[in-house]
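Data first, discussion second: the structure below is written as structure tokens.
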Amino acid sequence: MAVVRGLEHAFERGLVRIWVELDAMVVLNIIKSGIGSWNFQQLLTRLRLLQRQMHIRFTHIFREGNKPADLLANLAYSLQSNGFLLRTHDALAGFVWADFHLPNF
């Protein structure tokens with residue numbers, strides 16, 4: 001689960017107050033309840049350990065509001081290694097502008 005790996009990266013970098021917005025309600029329900037199929041148990045155990053060491057808030061966001069995260073995830077997936085994005089994508093600037101200047105229903 002990318003959520004757990006992302007939280008591990010944040011913790012390794014000293015970020016301990018994290019707000020995670022998920023557009024997958026099923027994943028959010030598994031995280032909040034701690035109940036999932038056997039193949040999620042190891043991930044849920046890792047998540048619970050992180051939650052003891054960090055302040056993590058999980059909330060739902062509609063897919064339309066999650067476009068910047070989807071863009072960044074696709075860009076990261078397109079990297080052929082575990083590299084870093086050294087510059088932002090032009091579309092991301094538009095999403096950020098819209099987030100601050102357009103009504104949020």
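The values are calculated or read from the model by the stated rules, or taken from the named source; none is laboratory data. Note that the coordinates shown come from a computational prediction; the quantities given were computed from them, not determined experimentally. Reconstructed Cβ throughout: ideal geometry from the backbone, glycine too, with neighbour counts over all protein chains shown. In case anyone asks, the SASA skips ligands and DNA or RNA and just uses the protein heavy atoms, side chains included. Shrake-Rupley method; radii C 1.70, N 1.55, O 1.52, S 1.80 Å.
The single condition among (1) under 16 Å from residue 2 (Cα atoms); (2) surrounded by fewer than 13 Cβ atoms within 10 Å (Cβ to Cβ) that residue 53 does not meet is (1).
Residues that are under 30 Å from residue 93 (Cα atoms), not basic (Lys, Arg) and not in a helix (DSSP H, G or I) are absent from region 34-43. Conditions: (1) closer than 13 Å to residue 1 by Cβ; (2) open to solvent by 80 Å² or more (accessible area, probe 1.4 Å). Residue 63 meets all but one. Number of the miss? For residue 63, the exception is condition (1). Of all residues in region 48-62, those that are closer than 15 Å to residue 24 by Cβ and either assigned to a strand (DSSP E or B) or in contact with a helix residue (DSSP H, G or I) (Cβ under 8 Å, 6 or more places away or on another chain) (or both) total 3.
Would you check if residue 30 is in contact with a Gly (Cβ under 8 Å, 6 or more places away or on another chain) and under 13 Å from residue 3 (Cα atoms)?
Details: in contact with a Gly (Cβ under 8 Å, 6 or more places away or on another chain): yes; under 13 Å from residue 3 (Cα atoms): yes.
So residue 30 passes the test.
If only residues of region 12-31 that are of a type outside the set (A, V, I, L, M, F, W, C) and at pLDDT 90 or above are counted, the one that is most open to solvent (accessible area, probe 1.4 Å) is 17.
When 38, 97 are checked against the criterion of being under 20 Å from residue 3 (Cβ atoms), open to solvent by 70 Å² or more (accessible area, probe 1.4 Å) and at pLDDT below 85, a single residue qualifies: 38.
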